[in-house]
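Chemist: Sharing a structure with you now.
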Amino acid sequence: MTFLELTKVNTFYGLSHILFDVSLSVNKGEIVGLLGRNGAGKSTTMKSIMALVPPRSGFIRFKGQDIKGKDPYLLFRTGIGYVPDDRRVFADLSVDDNLEIVYRRNGDWTKEKVYQLFPPLAEIKDRRAGHLSGGEQQMLTIGRALMGSPELLLLDEPTEGLAPLIVKALENQILQLKSMGISILLSEQNVKSALKLVDRVYVIDNGRIRFEGTVKDLETNEEIKKRYLMV
Amino acid sequence: MDTGALLFQKILSQIFVGLSRTTILFIVSSGMSLILGVLRIPNIAHGSLYMIGAFMAFSVSNFFGGGSQGFWMALLLAPIGVAILSLITERGIFQFLYKREHLMLLLLTFALSLIFGDLVKLVWGAEYKSVPVPQVFHGHLTLVAGIPIPLYNLFLLLVGPVVAILLWLFVNKTKMGKISRAAAVDRDMVGAVGINVSRVFAAVFVVGCLLAGLGGVLVAPTVNVTLGMDHTLIMEAFLIVIMGGLGNIWGALIGALIFGLAQSLGILIWPQFGIIFPYAAVVIVLMIKPTGLLKSTW
Ligand SMILES: Nc1ncnc2c1ncn2[C@@H]1O[C@H](COP(=O)(O)OP(=O)(O)OP(=O)(O)O)[C@@H](O)[C@H]1O
Ligand SMILES: [Mg+2]
């Protein structure tokens, strides 16, 4: 049984058809990369899974259950954590309250544990989230998702716009999450960073999956890299 | 006593009148602002709930014999009655409409206010009702400069800050309050961290409407409880909310203060046209700060 499985998902924004028969899967304990250029459909795929933009057709199964049509809050409660590309911290609340208000599925993750993973956050607990730097906001959105003790994390371009040093730290933290048994679907434009982390990759372009395989497969496939990833 | 001192006395006593009016205005418009800020519903029916609160106060007070006991029971039960009514309205109608445009919501709540008005007429009839001031609040207290202040007004002056503090605690210290502050800005993201936003909205709506009901009960002993009392109030409440900054409950407090004081002092300055002063104040405030005095959540 695959952990997360999308089958022929089609998603629209109003009349514009964005995702075309997208199929992909994530196994337990894996980090799977979803690579693609600007506007390729990475974020839309994430939002389709989280039901923020519900797909019009296709199937999405998580832990063997059909989850299509369920509300986002129920998906979170079944164990899917979502970290959006534009971060969307709750700007009016303090860092601590951003973590505090999240629905807790069980006691696995606590604020203390989040602060251990992201020590800089512990020092700015009381600061309003709207006043944080990009890196701090990214830690906070990941920490926020972790508060629900997710089994699957949807990380949408987590390194976008961050300084190299912070990207490095974040990569380590993502690997730590994997070692804790959390499965991750990671979308990236930054192919180099992504390939260091992932077990398998999908390449998406124009709303269609163009390639699927291991990191090695992709690295040796110049054609795909050139056409869809600009590397 | 010379005329200067007399004038001073008059001004001071009008300020007290204005402040007790402020209390009512603040309680009602803070509830409206809360709903506007979090649920994004410009609820015209908010005034109707205030009116229904006052009518319910009349019934409850009557039921308990009309004396002091009647008043206290009304203070307890009428807001709860209004809260229940609002919960039914929210679950029955509003919860399906959060994604609609504001104009549509405005029209809907206007329709609802007409329906509530007719319901009140059906249940309570068209005549005036009055709710007696409880025994303990009969009489005056002379505080400063020999000005006698009706005890009930003094009571209102106490209730205002108590409500403000409770509201502050609700919004800033409870989980529900924090969630609603987050949902005011990004309700989808709040849903995506496992929170059933629909429930939160229901709770916030009920809290806001409870405040309308409370305002209605508190005003009841000072006015004739009558059909149409919703109209004046909803106008004033909207202006106060706009003046304070949409969705900002502290803005509602400041707006209510300005409105209440302009009302009471205006009567002193120009008795025949006192009514224009609060509206002039609104115009001036909005000319200086078009988006309202405090930060709007819109
Ligand atoms: N809210 C929206 N309404 C209409 N079209 C949209 C909307 N959001 C995205 N799109 C379109 O959908 C397509 C896919 O966008 P998406 O955000 O999924 O791409 P992406 O791969 O995440 O890109 P990026 O790397 O820039 O984040 C784009 O053509 C985009 O213009
Ligand atoms: Mg994106």
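Chemist: At a probe size of 1.4 Å, how large is the accessible area of residue B:72, to the nearest 10 Å²?
Modeler: The accessible area of residue B:72 comes to roughly 100 Å².
Chemist: Sort A:5, A:219, A:30 by heavy-atom solvent-accessible area, probe 1.4 angstrom, most to least. Spell out each step's value before the answer.
Modeler: Values: A:5 65, A:219 90, A:30 25 Å².
Descending accessible area places them as A:219, A:5, A:30.
Chemist: Also, quick follow-up: How big is chain A by the Kirkwood estimate over distinct Cα pairs, in Å?
Modeler: On the way: mean 1/r = 0.0561 Å⁻¹.
That comes to 17.8 Å for chain A.
Chemist: For the protein assembly as shown, just list the percent of Cα-Cα distances falling in each 10 Å bin from zero outward, please.
Modeler: 4, 16, 22, 19, 14, 12, 8, 4, 1, 0, 0
Chemist: Using a 1.4 angstrom probe on the protein heavy atoms only, line up B:102, B:46, B:140 by accessible area, largest first.
Modeler: On the way: B:102 85, B:46 0, B:140 120 Å².
Reading off the accessible areas and sorting them downward yields B:140, B:102, B:46.
Chemist: Considering only protein heavy atoms, with the full assembly of protein chains and a 1.4 angstrom probe, order A:180, B:189, B:176 by accessible area, largest first. Each step should come with its number before you reach the end.
Modeler: Numbers: A:180 95, B:189 0, B:176 65 Å².
Of A:180, B:189, B:176, the descending order of accessible area is A:180, B:176, B:189.
Chemist: What is the average number of partner chain Cβ atoms found within 10 Å of a Cβ in B:171-178? Working shown, then result.
Modeler: Details: counts 0, 2, 0, 0, 3, 1, 2, 8.
Across the residues of B:171-178, the mean count of other-chain Cβ atoms within 10 Å is 2.
Chemist: Could you work out the equivalent-ellipsoid semi-axes for the range B:17-228, taking the square root of 5 times each eigenvalue of the Cα gyration tensor, largest first, in whole Å? Could you put the intermediate results ahead of the total?
Modeler: Working: eigenvalues 204, 89, 38 Å².
Ellipsoid half-lengths, sorted descending, are 32, 21, 14 Å.
Chemist: Other chains' Cβ within 10 Å of B:192-203 residues: what's the mean? Let's see the in-between values first.
Modeler: Values: counts 20, 17, 18, 7, 5, 3, 2, 1, 1, 0, 0, 0.
Mean partner shielding for this stretch: 6.
Chemist: In 5 Å bins starting at zero, report the fraction of Cα pairs in the range B:1-117 per bin as a rounded %.
Modeler: In order of increasing distance, the bins hold 2, 10, 14, 18, 15, 12, 9, 7, 6, 3, 2, 1, 0 percent.
Chemist: Further question on the same structure: Count charges around residue B:114 for me, please; just the other residues with Cβ under 12 Å from its Cβ, Lys/Arg as +1, Asp/Glu as -1.
Modeler: Details: positive: B:121; negative: B:118, B:230.
Summing Lys and Arg as +1 and Asp and Glu as -1 gives -1.
Chemist: In whole angstrom, note down how far apart the Cα centers of the range A:80-139 and the range B:112-130 are.
Modeler: Each part reduced to its Cα centre gives a spacing of 50 Å.
Chemist: Quick one: how many lysine pairs in chain B have C-alpha atoms under 23 angstrom apart, if they're 8 or more apart or on different chains?
Modeler: Count of close lysine pairs: 5.
Chemist: Residues with beta-carbon under 15 Å from that of residue A:59, excluding residue A:59: net charge, scoring Lys, Arg +1 and Asp, Glu -1? Numbers along the way, then the final one.
Modeler: Working: positive: A:8, A:56, A:61, A:63, A:68, A:70; negative: A:5, A:21, A:66.
Computed value for this residue: +3.
Chemist: Using the alpha-carbon atoms, what tilt in degrees (0 to 90, nearest 10) does helix B:249-269 show relative to the longest principal axis of chain B?
Modeler: Approximately 30 degrees, to the nearest ten.
Chemist: Right, another one. In the neighborhood of residue B:46, defined by Cβ-to-Cβ distances under 12 Å, what is the net charge if each Lys or Arg adds +1 and each Asp or Glu adds -1?
Modeler: -2
Chemist: Shielding by partners for A:79-85, please: the mean number of other protein chain Cβ atoms within 10 Å of each residue's Cβ. Before the final figure, lay out each step's value.
Modeler: Numbers: counts 0, 2, 3, 4, 1, 4, 0.
Taking the mean over all residues of the peptide, I get 2.
Chemist: Under a GNM of chain B (C-alpha, springs under 10 Å), which listed residue has the highest mean-square fluctuation: B:135, B:263, B:272?
Modeler: Greatest mean-square fluctuation among the candidates belongs to B:272.
Chemist: Residue by residue through the range A:24-33, which ³J(HN,Hα) values in whole Hz follow from phi under the Karplus form 6.51 cos²θ - 1.76 cosθ + 1.60 (θ = phi - 60°), with glycine and proline marked x?
Modeler: Once θ is set to phi - 60°, the couplings for the range A:24-33 become 7, 9, 10, 8, 4, x, 8, 10, 10, x Hz.
Chemist: With the Cα gyration tensor of the range A:1-42 giving a ≥ b ≥ c as the square roots of its eigenvalues, does the rule (a/c under 1.5 for rounded; else a/b larger than b/c for prolate; else oblate) give rounded, prolate or oblate? All intermediate terms of the calculation are to be shown ahead of the outcome.
Modeler: Details: a/c = 3.68, a/b = 1.65, b/c = 2.22.
Here the range A:1-42 falls in the oblate category.
Chemist: Which value at 222 nm does chain B reach when only helices count, each DSSP H run of 4 or more adding -39,500 (n - 2.57), with the total divided by all residues and rounded to the nearest 500 deg cm²/dmol? Before the final figure, lay out each step's value.
Modeler: Values: 11 runs with 215 residues, N = 298.
For chain B, the value works out to -25000 deg cm²/dmol.
Chemist: Moving on to the next point. Using only Cα atoms and rounding to the nearest 10 degrees, what angle (0 to 90) does helix B:3-39 make with the longest principal axis of chain B?
Modeler: So the helix axis and the longest Cα principal axis differ by about 10 degrees.
Chemist: Still on this structure: Take each of the peptides A:10-20, B:73-83, average the number of other beta-carbon atoms within 10 Å over its residues, and list them starting from the highest. It would help to have the intermediate numbers written out before the result.
Modeler: Working: A:10-20: 14.2, B:73-83: 21.2.
With the highest mean Cβ count within 10 Å placed first, the list reads B:73-83, A:10-20.
Chemist: Same structure again: Compute the angle between helix B:102-124 and the longest alpha-carbon principal axis of chain B, please, reported from 0 to 90 degrees and rounded to the nearest 10.
Modeler: Orientation of helix B:102-124: about 60 degrees from the principal axis.
Chemist: Roll a 1.4 Å probe over the protein heavy atoms and report the accessible area of residue B:3 in Å², nearest 10.
Modeler: Using a 1.4 Å probe on the heavy atoms, I get roughly 110 Å².
Chemist: For a quick check, take a GNM of chain B with Cα springs below 10 Å and name the residue from B:53, B:37, B:65 with the largest mean-square fluctuation.
Modeler: B:65
Chemist: If you plug each phi of the range B:228-234 into the Karplus form 6.51 cos²θ - 1.76 cosθ + 1.60 with θ = phi - 60°, what whole-Hz ³J(HN,Hα) values come out, in order, with x for Gly and Pro?
Modeler: x, 5, 6, 5, 4, 5, 5
Chemist: Separate question: What residue among B:261, B:169, B:214 has the largest mean-square fluctuation in a Gaussian network model of chain B, using Cα springs under 10 Å?
Modeler: B:169
Chemist: Further question: Does the range A:128-179 classify as rounded, prolate or oblate by the C-alpha gyration tensor (a ≥ b ≥ c root eigenvalues; a/c under 1.5 gives rounded; else a/b over b/c gives prolate, otherwise oblate)? Walk me through the numbers on the way to the answer.
Modeler: Details: a/c = 2.10, a/b = 1.20, b/c = 1.74.
It comes out oblate by the Cα gyration axes.
The values are calculated or read from the model by the stated rules, or taken from the named source; none is laboratory data. Every value quoted in this text rests on a predicted model; they were computed, and no experiment measured them. As a convention, Cβ positions derive from the backbone with ideal geometry for all residues, glycine included, and neighbour counts pool all protein chains shown. For the accessible areas, the whole protein counts, side chains as well, though only heavy atoms, and no ligand, DNA or RNA atoms are used. Shrake-Rupley method; radii C 1.70, N 1.55, O 1.52, S 1.80 Å.
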